[in-house]
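Step one of this worksheet: look at the structure below.
None of the figures in this text is laboratory data; all of them are computed from the coordinates on show. Keep in mind that what you see is a predicted model, and the values were worked out from it rather than measured. Reconstructed Cβ throughout: ideal geometry from the backbone, glycine too, with neighbour counts over all protein chains shown.
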Amino acid sequence: MPYETNSVGMWSKVVPSRNKIMFYIYFLRSVKSPQKTYVGYTTDIQQRLETHNSGGSVYTKDDRPWHLVTYVAFDCEQRARDFEKYVKVVSGNAYAKKRFW
C-alpha cells in the first residue's frame, strides 16, 4: 500500500479506492481496567492499536491490552484534530461518554 507524508510530516496510508488519506479519532478501552479509556488521533488505526498494545505509548502502557471501541474517520486532518481536542475537554468528554462509550 502506498504511503505519503501529510501536512505535519507523518507517514500516512493512501486509501487506494479514493487515493486519499483518511484521519481517524479512535476510542480505546482497557481490557485489564475497563474503567480506563483513551482517545487518540492516527492515520493508521491497526498500527496505532498495535503500538498501544505493545507498550509503545507512555499513556497507555500500564493498562494493556486495549480494545478498539469505535473510531470516527475524517477526510480533513484539521477537522480530525479539532474533534480530538473537543472530546478531550469537559463538554466533549460528556458527549463522548454518552455516544461512544
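Given R₀ = 22 Å, FRET efficiency for residue 69-residue 93 by Cβ-Cβ distance, to 0.05?
Working: r = 14 Å, r/R0 = 0.65.
Here the calculated transfer efficiency is 0.95.
List the trypsin sites (Lys or Arg not before Pro) within segment 58-101 that fall in a DSSP loop (any state other than H, G, I, E or B) and whose Cβ has at most 14 other Cβ atoms within 10 Å. Don't skip to the end; give the middle numbers.
On the way: sites: 61, 79, 81, 85, 88, 97, 98, 99; in loops: 88.
Listed in order of number, the matching sites are 88.
Taking θ = phi - 60°, what integer Hz values does the Karplus form 6.51 cos²θ - 1.76 cosθ + 1.60 yield along segment 51-67, in sequence order, with x for Gly and Pro?
After applying 6.51 cos²θ - 1.76 cosθ + 1.60, I find 5, 4, 6, 9, x, x, 10, 4, 6, 10, 5, 6, 10, 5, x, 10, 10 Hz.
Name the residues whose placed amide hydrogens come within less than 5 Å of the amide hydrogen of residue 31, ignoring near sequence neighbours (fewer than 5 apart) on the same chain.
Sorted by chain and number, the residues that satisfy this are 66, 67.
Could you run the Karplus curve 6.51 cos²θ - 1.76 cosθ + 1.60 with θ = phi - 60° over segment 71-86 and give me ³J(HN,Hα) per residue in whole Hz, x for Gly and Pro?
Along segment 71-86, the couplings run 8, 10, 9, 10, 9, 10, 4, 5, 5, 5, 4, 5, 5, 4, 4, 4 Hz.
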